[in-house]
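One structure is given here, and the rest of the page talks about it.
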Amino acid sequence: MRLFIGIKLSEQVREKLCEICRNLKERASQMKWVNEDNVHLTLKFLGETEKRDQIIEILDKKISASGFTLKFTGLGKFGRGDELRILWAGIEHSDGLNSLFNEIESGLEPLGFPREERKFSPHITLGRNRYGKVHPDLITEIDRLSDHSFGEQEISSFQLLSSTLTLSGPIYKTISNFCL
């Protein structure tokens, strides 16, 4: 089973993010956009694993993080110069989110899931571009929206989700919900 740990976004925040994507689509026909129902915050990608029950047990018993508020602010991109590989929405610094991430990393390490080597950089992936180059107007628009607010959300839970890959895109299913 292909699994990841994430946070589902409220309908309000998801709608604001998707509205921006719909407005950008005319400038970015080569982008593969994340399905609106699939927009989420990934905390840890676990990949193919048969350890579902052990993961659930650890997340249920070892996570003591409290609820927190996330503020979704700004668009950005991964890619150099006018190259765009991934379009993302940003998340303002949150001690609560960092605490949850660190507890998940620590809790799952004994099961053989190594800690992330890169610094935790939370973001919401909105679209991918396998070609790299995009119309300059798109980069200008991303820069213009670099400080745009997409709202905030009280986070009181996180989820273990499965990801089934299909030709029309991934299908996500909640395996378990964990309250904070």
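Return the long-range amide H neighbours of LEU43 (sequence gap of 5 or more, or a different chain), with a cut-off of under 5 Å between placed amide H atoms.
ILE5, GLY6, ILE7
Evaluate E = 1/(1 + (r/R0)^6) for GLU48 and LYS119, where r is the Cβ-Cβ distance and R0 equals 22 Å; express this FRET efficiency to the nearest 0.05.
0.30
Give me the dipole magnitude in Debye, nearest 20, for the stretch 2-179 about the Cα centre, with unit charges on the beta carbon: positive for Lys and Arg, negative for Asp and Glu.
540 debye
For MET31, list long-range residues whose amide hydrogen, built 1.01 Å from N in the peptide plane, is under 5 Å from its own amide hydrogen.
Excluding prolines and chain starts, which carry no amide H, there are no hits.
If the cut-off is a Cα-Cα distance under 12 Å, which aspartates and glutamates reach LYS173, setting aside same-chain residues fewer than 8 apart in sequence?
In chain and number order, the partners are ASP37.
Which one, GLY132, ILE142, GLN54, projects farthest toward the positive side of the charge dipole computed for the chain from Cβ point charges (K/R +1, D/E -1)?
Among GLY132, ILE142, GLN54, the one farthest towards the positive end of the dipole of the chain is GLY132.
Got the relative contact order for the chain handy, in percent, Cα pairs under 8 Å and 6 or more residues apart?
That works out to 33 percent.
Order these peptides, 105-117, 58-70, 163-175, by their mean beta-carbon neighbour count within 10 angstrom, highest first.
Descending packing order for the listed peptides: 58-70, 105-117, 163-175.
With a 10 Å cut-off between alpha carbons and a GNM built on the chain, which of ASN102, ASN23, ASN129 moves the most?
ASN23
Starting from the 7 Å offset along Cα-to-Cβ, what nm value, one decimal, do you get for the label separation of GLU26 and ASP60?
Here the answer is 5.1 nm between the modelled labels.
Computed from the coordinates by the stated procedures, all read-outs in this text should not be read as laboratory data. No experiment lies behind these values; they were computed from the predicted model shown. Cβ atoms come from the backbone with ideal geometry, glycine included; neighbour counts cover every protein chain shown.
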